[in-house]
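Beneath this line is the structure, given in structure tokens, with notes to follow.
The values are calculated or read from the model by the stated rules, or taken from the named source; none is laboratory data. None of these values were measured; they are calculated from a predicted model. To get the accessible areas, we keep the full protein, side chains included, count just its heavy atoms, and leave off ligands, DNA and RNA. Shrake-Rupley method; radii C 1.70, N 1.55, O 1.52, S 1.80 Å.
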Amino acid sequence: MPLLPSTAAAALPGLRLRLPLLPLPLPPRHCPHPLAPLRRAPHHSSPHPRLLPLAAALPPPPPEELPPSQATGLVAASQANFMRVIVDAAAPGLEHHRGSDLLCVVRALLKKIRRRVLVGDRVLVGAVDWADRRGMIEDVFERRSEVADPPVANVDRLVVLFSLDQPRPEPATLTRFLVEAESTGIPFVLVFNKVELVDEQTITYWRDRLKSWGYDPLFLSVDQQSGFAALEEMLEGQTTVVVGPSGVGKSSLINALRHNQNISEEDPIHKLLEQNSKWFGEQRVGTVSKKSGKGKHTTRHVSLLPVAGGGFLADTPGFNQPSLLKVTKQSLAETFPEIRKMLKENEPSKCLFNDCVHLGEHGCVVKGDWERYPYYLQMLDEIKIRETIQLRTFGTKREGDVRYKTGIMGVKQAEPRLELKKHRRVSRKKINQSILDEIEDDIDDLEDDYWFDAKRHSRRR
């Protein structure tokens, strides 16, 4: 009787059998692959898959691609860890929610990769609870523009607001605000409020002075409701941010521009009025301090306020020192109209060195006989110190906050590049050791109390 291969191998341990390899039968075409159940499909947190690092450069999806639990909208206000989002697109069958507001939190992954969600951003909201009007911001779409001070995205125009009195304009502070506005590349207009508190001679003085700086300001009075025509024409249908120091009347100007609006039922913001949204109401207005003559911080967070007929007005907290974080020592000169005028008048000749910062070097065509030149030198020194500190701290190279990982089937997925030892779980050994240390400290405290009580008792005897 011939031995089976397994029996022969058991009988002769030193014998190695070489059996021919037979091809496995292929499964029929209609049958799934035998390893198909073991493969994991790439996981997406939402039915609308997007790579997070690329989403900031993509437009919002069309409404027909949205599931019922998602929506797209505009971030209208930010306070603490909550964002108020105005819905502008929802899934088919949920169009009646367009124009309503959702109270949202930000997805933790966006925070880990340091992607800020700013007021004015177009966002993708997931896990929407339409009954309680809540959701979670899962993604941020492309931005047209961005302002650092205050942090607002997708801005069409800036209004740099100062007052002629209470408080009076300071040339150094005014220059910093103008430089910050010039560095954004966004069209802006300079406006002076409280003209009723000064005479005509003061208005003429500031108009001529600012004309020498290269600006043509507007003068108005919120208290007397005068001088709004030119400004309203500029702001129609745009997202406008009003910036300026505290006490100049930013919230009062916004309330005046939104006062007595005739809102039709077809207007998208009519639903907010029906819901009696606090976000739709007037902004708080404070008084100027009698002791310092400066404004008080009444507005404490950034919010976009809708205007009838389209457009938004952004009310921002007042601050006296813009950070100038986006201004470099090479780009600072471009934010001064006086320097741009001198360079244009001397064409085709230009500075001898391409990296000239206009400090009166040999071959520089920019002279120092203009009013704001001392402010230019002061800001240049400040920016040089800041860039030196940044170079020492971060160096010339810095890793990004996102890394790509190739997963199953060659699908690239984005992961946050976490800081070392920041998100690591504490080991059990360390936890147990900390517990033992606490117990030993408690025992030492008890022993100290015991000997202290014993000594005190012996002294009484």
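Quick notes on this one:
- Segment 63-142, accessible surface, carbon-and-sulfur percent (1.4 angstrom probe): 50
- Contact order relative to length of segment 329-390, as percent, for alpha carbon pairs under 8 angstrom and 6 or more apart: 32
- Accessible area per residue for segment 63-142 is 43 Å², calculated with a 1.4 Å probe on protein heavy atoms, without ligands, DNA or RNA.
- Å² per residue, accessible surface of segment 329-390 at 1.4 Å: 63
- Once backbone amide H atoms are built at 1.01 Å from N, GLU138 has LEU124, VAL125, GLY126 as its partners under 5 Å, excluding neighbours fewer than 5 places away on the same chain.
- Protein heavy-atom surface of segment 329-390, 1.4 angstrom probe: 54% of the accessible area is carbon and sulfur, with nucleic acids and ligands not counted.
- Mean projected area (nm²) of the alpha-carbon convex hull when segment 63-142 is viewed from all directions: 4.9
- Prolate/oblate/rounded label for segment 142-257 (Cα gyration tensor, a/c 1.5): prolate
- Segment 329-390 shape via C-alpha gyration tensor axes, a/c threshold 1.5: prolate
- For LYS430, a cut-off of 18 angstrom between C-alpha atoms picks up these aspartates and glutamates, skipping any fewer than 8 places away in its own chain: GLU438, GLU440, ASP441.
- Greater than 27 Å apart at Cα, pairs in LYS211/LYS384; LYS341/LYS384; LYS111/LYS412: LYS211/LYS384
- Over 24 Å between alpha carbons, listed pairs LYS194/LYS329; LYS344/LYS367; LYS112/LYS329: LYS194/LYS329; LYS112/LYS329
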